[in-house]
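Peer 1: Supplied in structure tokens, the structure appears directly below.
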Amino acid sequence: MNHREVVAIFLAAILGGLYADDWLISASILVLWVIWKLTLVPDGLFVVPLALTFQWVQSTIGLFYLGFTGRTLDAIQRSDWRPMVMIALGCCLALALGFRLGLQLLRPPRAGEDRPEFALSFKLLVIAYVASIVLEGGLNTAVRGLPSMRQIVITFDEARLAILYLLLRRFFRPVPQWRLIVGVVGFEVILGITGFFAGFREPLVLAGLAMLEIFDRRNMRHWTAAAVMAVITVGFGLVWMGIRTEYRRDYVQIDNFKADRGARIARIGDLVSGFLHSDGDEFTKTFDNFIDRMWPIYYPALAVTRVPRTLPHTNGAIISAALQHITMPRVFFPNKGELSSDSEMVRKYSGVWVAGAEMGTSIAFGYAAESYLDFGIPWMFLPVFLFALAMGLVYRVVSVQIKHLDLMAGYATVTFWFAMYLFERSWVVMLGEAVGLIVYVGVPLVLLDRFLLVRYERQQADGDLLFQQPEHFEI
């Protein structure tokens with residue numbers, strides 16, 4: 001931290017608040033700055049700062065949209081949204097502070113420690129990437145008949161993205177190979193966008209995180225690439241908002257549509273073409289819907305208004321149920337009962353009848369609103385802080401125990417992105433994601449790292465021994 005940085009941040013906060021005539025914008029800018037100061041670590045990985053930045057965006061984007069464009073949203077018109085925004089910012093701060101303190105519980109890796117850069121050869125990495133794509137399709141088909149394996153399959157899907165990240169990381173070193181990067185990311189985007197959900201987001205995010213590892217602030221080409229990637233990501237999100245309703249209707253109603261990826265690609269092409277040729281009013285409406293979707297404040301804001309005025313706090317019932325659920329993995333407890341739909345909780349505490357299991361979907365409050373329902377202010381921030389404290393400790397253990405730098409980077413990036421980036425994720429899902437990635441991926445990865453490290457040290461010793469052999473002279 002230096003004086004110029006402090007002056008610039010406070011000046012931006014003051015000017016932003018004055019321009020929008022809203023002190024909450026000034027507070028939001030300061031919170032974002034504190035998030036980065038607390039979570040930035042000197043290992044070249046930006047996953048935690050960006051994950052919490054995404055949460056910050058989800059917490060505040062409607063506020064900035066109103067302040068700088070004057071356009072209003074449903075949440076602004078139909079709810080008392082400001083208290084929920086302040087609660088969300090408090091959760092972002094609790095996560096950042098807890099993560100920082102968690103890092104301090106263990107010593108960081110020793111400076112100058114000899115650590116191998118790559119665990120796998122490039123050829124083996126490509127084979128693993130192709131195999132993971134094939135296995136993902138097979139497992140997703142098999143899990144329909146074995147629901148007890150669902151969490152393991154979900155974790156495998158996320159672990160596959162770690163392999164993708166390792167591949168992208170290689171393409172950025174020693175110099176970016178843009179054709180290969182665009183080809184792989186484009187292929188992953190097609191795989192993601194032809195599913196039912198917005199699966200195109202993760203490949204774009206992983207490419208951005210891989211680029212940040214080699215980002216040079218003095219290189220204008222890097223700034224240009226970052227700007228292009230940001231525009232592409234937002235553009236895909238906007239287009240998806242414009243076409244998803246019709247696409248999902250076809251996905252559900254048309255026979256064999258799920259099994260025919262070519263038909264899905266063709267249909268998406270037609271829908272995108274139609275969206276890009278829509279008039280200005282339709283485009284503006286879609287953009288409003290995009291911001292509204294990115295700002296999941298409405299239902300939590302309604303619940304904050306009703307609790308405890310109309311309904312009492314649950315005194316920890318929600319997070320207790322989540323902890324019980326994740327400590328009883330379905331693979332060992334196949335008869336474990338199903339959790340009630342998140343939509344039922346939203347209906348009860350917001351007073352709005354939202355879509356639920358009967359329509360094949362679920363609407364969640366998110367962990368922040370659930371913490372408020374459990375404990376109210378200020379105790380609601382304690383479980384958020386403790387979760388982040390544990391994640392900070394895990395991050396430190398990972399950075400110390402996994403010696404191969406690429407394995408550590410790939411695992412940390414995927415684990416901490418999925419565990420910490422969504423504000424609208426419920427406690428049971430967020431804890432399940434974290435525990436699943438730690439247990440099902442982290443533990444085996446540490447063992448693999450140890451096995452490969454033995455081979456690496458043996459090769460190093462053989463090289464040193466060869467170097468130390470005396471010269472042979474013939475007599």
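The values are calculated or read from the model by the stated rules, or taken from the named source; none is laboratory data. Quantities reported herein were computed from a predicted structural model and do not represent experimental measurements. Cβ sites come from the backbone with ideal geometry, for glycine too, and all protein chains shown count toward neighbours.
Peer 1: So is Leu166 under 16 Å from the mean Cα position of the chain (by Cα) and touching a residue at least 60 places away in the same chain (Cβ under 8 Å) or not?
Peer 2: It is false that Leu166 is under 16 Å from the mean Cα position of the chain (by Cα) and touching a residue at least 60 places away in the same chain (Cβ under 8 Å).
Peer 1: Taking the condition modelled with pLDDT of 90 or more, under 16 Å from Arg100 (Cα atoms), within 15 Å of the chain's Cα centre (by Cα) and small (Gly, Ala, Ser), does Ala388 pass?
Peer 2: So Ala388 fits the description; yes.
Peer 1: Could I ask something else about it? Do we have Ala88 as exposed (fewer than 13 other Cβ atoms within 10 Å of the Cβ), at pLDDT 80 or above and in a helix (DSSP H, G or I) here?
Peer 2: no
Peer 1: Is it true that Leu38 is modelled with pLDDT of 95 or more and of a type in the set (A, V, I, L, M)?
Peer 2: Judged against the criteria, Leu38 is a match.
Peer 1: Give the range 109-130 a look and list any residue that's loosely packed, with under 14 Cβ neighbours inside 10 Å and within 24 Å of the chain's Cα centre (by Cα), or say none.
Peer 2: Residue satisfying the conditions is Val130 alone.
Peer 1: Would you confirm, using the coordinates I've provided, whether Leu93 is touching a Lys or Arg at 6+ places or on another chain (Cβ under 7 Å) and modelled with pLDDT of 90 or more?
Peer 2: No.
Peer 1: Next question. With the condition kept exactly as written, say whether any residue in the range 333-345 is in a helix (DSSP H, G or I), modelled with pLDDT under 95, among the charged types (D, E, K, R) and more than 23 Å from the chain's Cα centre (by Cα).
Peer 2: Yes, the range 333-345 contains at least one residue that is in a helix (DSSP H, G or I), modelled with pLDDT under 95, among the charged types (D, E, K, R) and more than 23 Å from the chain's Cα centre (by Cα).
Peer 1: Among the numbered criteria (1) modelled with pLDDT of 85 or more; (2) in a helix (DSSP H, G or I); (3) of a type in the set (A, V, I, L, M, F, W, C), which single criterion is violated by Leu311?
Peer 2: Every condition holds for Leu311 apart from (2).
Peer 1: Going by what's in this entry, would Phe236 be described as touching a Phe, Trp or Tyr at 6+ places or on another chain (Cβ under 8 Å) and under 22 Å from Ile291 (Cα atoms)?
Peer 2: The answer is yes for Phe236.
Peer 1: Give Gly274, Gly280, Gly242, Gly235 a once-over and let me know the one that is surrounded by fewer than 12 Cβ atoms within 10 Å (Cβ to Cβ) and over 30 Å from Gly44 (Cβ atoms).
Peer 2: From the options Gly274, Gly280, Gly242, Gly235, the qualifying one is Gly280.
Peer 1: Being of a type in the set (Ser, Thr, Tyr), modelled with pLDDT of 90 or more and surrounded by fewer than 17 Cβ atoms within 10 Å (Cβ to Cβ): is that true of Thr69 here?
Peer 2: So Thr69 fits the description; yes.
Peer 1: Of everything in the range 360-395, what is among the aromatic types (Phe, Trp, Tyr) and within 18 Å of Thr39 (Cβ to Cβ)? Give them in sequence order.
Peer 2: Across the range 360-395, the qualifying residues are Tyr367, Phe381, Phe385, Phe387, Tyr395.
Peer 1: On to the next question. Looking at the structure I just gave you, is Thr60 crowded, with 18+ Cβ neighbours inside 10 Å and at pLDDT 95 or above?
Peer 2: So Thr60 passes the test.
Peer 1: Just checking, which of Ala51, Ala75, Ala96 is closer than 29 Å to Gly376 by Cβ, among the hydrophobic types (A, V, I, L, M, F, W, C) and touching a Ser or Thr at 6+ places or on another chain (Cβ under 8 Å)?
Peer 2: Exactly one of Ala51, Ala75, Ala96 is closer than 29 Å to Gly376 by Cβ, among the hydrophobic types (A, V, I, L, M, F, W, C) and touching a Ser or Thr at 6+ places or on another chain (Cβ under 8 Å), namely Ala96.
Peer 1: A follow-up question, please. I need every pair where a residue in the range 302-315 that is farther than 10 Å from Gly351 by Cα and in contact (Cβ under 8 Å) with a residue 40 or more places away in the chain has its Cβ under 6 Å from the Cβ of a residue that is surrounded by fewer than 17 Cβ atoms within 10 Å (Cβ to Cβ) and acidic (Asp, Glu), sequence separation at least 6 or different chains.
Peer 2: Every condition considered, the pairs that remain are Thr305/Asp80.
Peer 1: Are there any helices (runs of 4 or more DSSP H) wholly within the range 201-303 with 2 or more residues that are over 24 Å from the mean Cα position of the chain (by Cα), and if so which?
Peer 2: Qualifying helices (runs of 4 or more DSSP H): 220-253, 261-276, 280-294.
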